[in-house]
Amino acid sequence: MSTIDRPGLAAFLRNRREALQPEDVGLPRGARRRTAGLRREEVAMLSHMSIDYYARLERERGPQPSEQMLGSIAQGLHLTHEERDHLFLLAGHPPPVRGAASDHISPGLLRVLDRLDDTPAEIVTELGETLRQSRLGVALTGDGAGRVGPERSIGFRWFTDADSRRLYAPEEHDFLSRLYASGLREVAARRGPDSHAVRLSQLLLDRSEEFRRIWALHEVGLRPHDVKRFVHPEVGALELYCQRLVDPGNAHSLLVYTAIPGSESHGRLQLLSVIGAQPLR
């Protein structure tokens, strides 16, 4: 960890904040806005930190921010990879790795997600780790972005936590088990023996008899069905089409769930949009 460049960091943060407009990050503009760009409190909210903490950075005060805090600020300000690396260097930290192992979402993918507030959507890694969700995405599948460790991966949770399967129709369970094992095998082969995918597969081989049985089949090439069947605890059965937008540079995917207009699932999705902020029973 090197010495922080406080004046440089403060100036860079102010510059990037003032360059963003509320609509760039999915926020309403409001009728009486005088601030050039985003307000400090808006950046703090987008970065999941206190207003006081962020404000002190712009005033050249406060403690040296951690790598985790810098990563949150980089996402909150929708920084490019080059801008994120510059932010880390100004704060006295080496830039994070790029590529498949990176959790930093490209600004373009974030801009698309920001405009999908009324649609279930999420950005995931190639291992099914949720990085960001729309409001209705949280209402549909629960808050997955806050998980840590191997539990971040839906495939890992599928084989180690029975509760993770309750959201999916029982007739889909066998196929989903094979799908997750097949996908993990493909990523492990692509990323090599020292990859996170290989470590994840070893953990599952130690913990799950079902995973060991399916892993031994050496299946590859399975792909998700066009229609996903959910069983939501509040609105019931949902048949949703899943569209995928891939960012090949980061191996991230934006998943968008839609229902056929006029269908029963469409009506239930609209109901979920109304009750989505309520805690699930």
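Its Cα gyration tensor gives the chain an equivalent ellipsoid, and the semi-axes of that ellipsoid, as √(5λ) in whole Å with the largest first, are 36, 25, 15. Over the range 153-281, the pair-distance histogram of Cα-Cα distances with 10 Å bins from zero comes to 11, 36, 33, 17, 3 percent, rounded to whole numbers.
Over the range 156-216, the Kirkwood radius and the radius of gyration, each from Cα atoms, give a ratio Rg/Rh of 0.98. In order along the range 262-272, the Karplus-derived 3J(HN,Hα) couplings, from 6.51 cos²θ - 1.76 cosθ + 1.60 at θ = phi - 60°, round to x, 7, 4, 5, 5, x, 5, 5, 5, 5, 4 Hz, and Gly and Pro are given as x.
Where a number appears in this text, it was derived from the coordinates with a stated rule and is not lab data. Bear in mind the structure is a predicted one, so any value in this text is a computation, not a measurement.
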